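Working notes for the structure below.
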Amino acid sequence: YALFGFVAIHEFDMLLRALESQVMVLINDVARVVHDEVYRWSLGDSGQCNKNLGAAFLMVFRIGDFSEVHDRKKRATDVVFNSSQKNRNPKLKKRRGSGSAGPGQRGSRRRPTITKFELGSNGTLQLSSLPGIQSFADRALLGLLKSYAGVHRDDNLLGWKKDFRLGAGVGAFSVQIIYGMDAGWAVEGAVGSEYKIDATYLSPHVNMASRMMSATKQYGVTILLSQAVEELLSKPARSQLRHLDTVYVKGSRVAQRIFTYDARSEGADFFLYDRPGDQADVDAEAYSTEIWKTDQDLIAMRQHVSEQFMDLFKRGVDLYLSGEWKTAIEVLKEADNNMIQSVIEEGYIETDVSEYGDRIFDPKSTDEEILRIRAQYGDGACSNLVRYMERRNGTPPSDWAGVRALMSK
């Protein structure tokens, strides 16, 4: 059992064509940052890079095999049971009897069997009941988010901005990373022959993490988390997530909610919050759930998201899922404009948009520059949902049940 995270360099094909063999240097620059942060923030040595796939990396946060996980749960249950026995009122225990009565008789002290570590409908263990799983999952997500901040302040990666092949040497280019996460079981083992052997994980959950990563492009976000990951996170971590949609993924008829942690680099001065490696290690060791409200990297990457936007987006998604599409379209367009307005007013945009006036807030504009600015600084998820509904004339299918197929791989 593990959490699986796919990390990919966005627009890699363009980078490969532009840099040719030197793209390997860029890949290794990204790998160094991602590997460092994942290893630093994961619990113990649970976070490792399982595969380097050129444009992408598979990160595995290993919880344990079936017997390890089951034993851990059993030991925790034993501790709780024994503690409760020690704290029981001795007079009450005496009054109820010494435990010599037979099974089912009054006063009997039968110890309950370990049955609360239930199997899911598909025969897998319920990871959410594992002791310590929330901090484990939080730290896995933090490793990925911290790598995002690290990529945008690393001197080597910032140096690529000056490469003439990528941005005409004027700083127009920046390395962008996308992420996908899922949690569940996998078959762990070696695959290959006497000529080449690789350690690998074979699982639908690895595939799901890959699909989450690919779908970030569709929703215009940096990271997508499956419902399985969201359910493992602490309450403070979940409070920072945004429920984007409810979908069927290709090859499955199980509806699941998908979430994002909003993360942007535009206007975020991550270099101000850089920490030497030993200090960053101390920060990771001192993890608590307060980090979701106090960490400067996390605050900076979410600075473009206002409470008003979150309220509008949630309302729009609720309307969309309930089938009230015409109203949902209007609310989501309002949410999109709210984000654009916040970005402009707070100075998180480098482009001077004053010449466009209120036209910048017109979603029906056909001006190419306005469309570019809206796409870059608005909310990708709002635009995606609005397009989906407008292509169907704002009318849901007759069998709409608040879920749609997500066919991208």
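The values are calculated or read from the model by the stated rules, or taken from the named source; none is laboratory data. Quick caveat, the model's predicted, so the values are computed rather than measured. Using ideal geometry, Cβ is built from the backbone for each residue, glycine included, and neighbour counts are taken over all protein chains shown. These accessible areas exclude ligands, DNA and RNA; they are computed on the full protein's heavy atoms, side chains included. Shrake-Rupley method; radii C 1.70, N 1.55, O 1.52, S 1.80 Å.
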Segment 134-201: which trypsin sites (Lys or Arg not before Pro) are DSSP loop and have at most 13 other beta-carbon atoms within 10 angstrom?
Lys196
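How much of the accessible area of segment 304-408, in percent, comes from carbon and sulfur atoms when a 1.4 Å probe is used?
Values: 2550 of 5660 Å².
On segment 304-408, the fraction of accessible area on carbon and sulfur atoms equals 45 percent.
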How much length would be gained if the chain were fully extended between Val403 and Ala375, taking 0.36 nm per residue of separation minus their Cα-Cα distance, in nm to one decimal?
7.6 nm
How big is segment 310-408 on each of its three principal axes, counting only the C-alpha atoms and giving the largest first in Å?
46, 26, 25
Inter-probe distance in nm under a simple model that places probes 7 Å from Cα toward Cβ, at Asp318 and Arg392
2.1
Over segment 304-408, with the other protein chains present, what is the accessible area per residue in square angstrom, probe 1.4 angstrom?
54
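So how do 53-59, 334-340 stack up, highest first, on mean other-Cβ count within 10 Å?
Working: 53-59: 19.0, 334-340: 22.7.
Descending mean neighbour count gives 334-340, 53-59.
Given axes a ≥ b ≥ c from the Cα gyration tensor, I'd like to know whether segment 273-362 is rounded (a/c under 1.5), prolate (a/b larger than b/c) or oblate.
Values: a/c = 4.62, a/b = 1.59, b/c = 2.91.
Since a/c reaches 1.5 but b/c is at least a/b, the shape of segment 273-362 is classed as oblate.
Using mean Cβ contacts within 10 Å as the protection proxy, how do 239-249, 206-216 order, highest first? The partial results should precede the final answer.
Details: 239-249: 19.2, 206-216: 22.9.
Highest to lowest by the protection proxy: 206-216, 239-249.
For a 19 Å ceiling on Cα separation, which of these pairs sit above it: Lys217/Lys326; Lys235/Lys293; Lys217/Lys250? It would help to have the intermediate numbers written out before the result.
Working: Lys217/Lys326 25 Å; Lys235/Lys293 12 Å; Lys217/Lys250 16 Å.
Beyond 19 Å between Cα atoms: Lys217/Lys326.
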Relative contact order of segment 338-409: what whole-number percent is it, with Cα pairs under 8 angstrom and at least 6 residues apart?
29
For segment 175-219, what does the accessible surface come to per residue with a 1.4 Å probe? Please give it in Å².
48
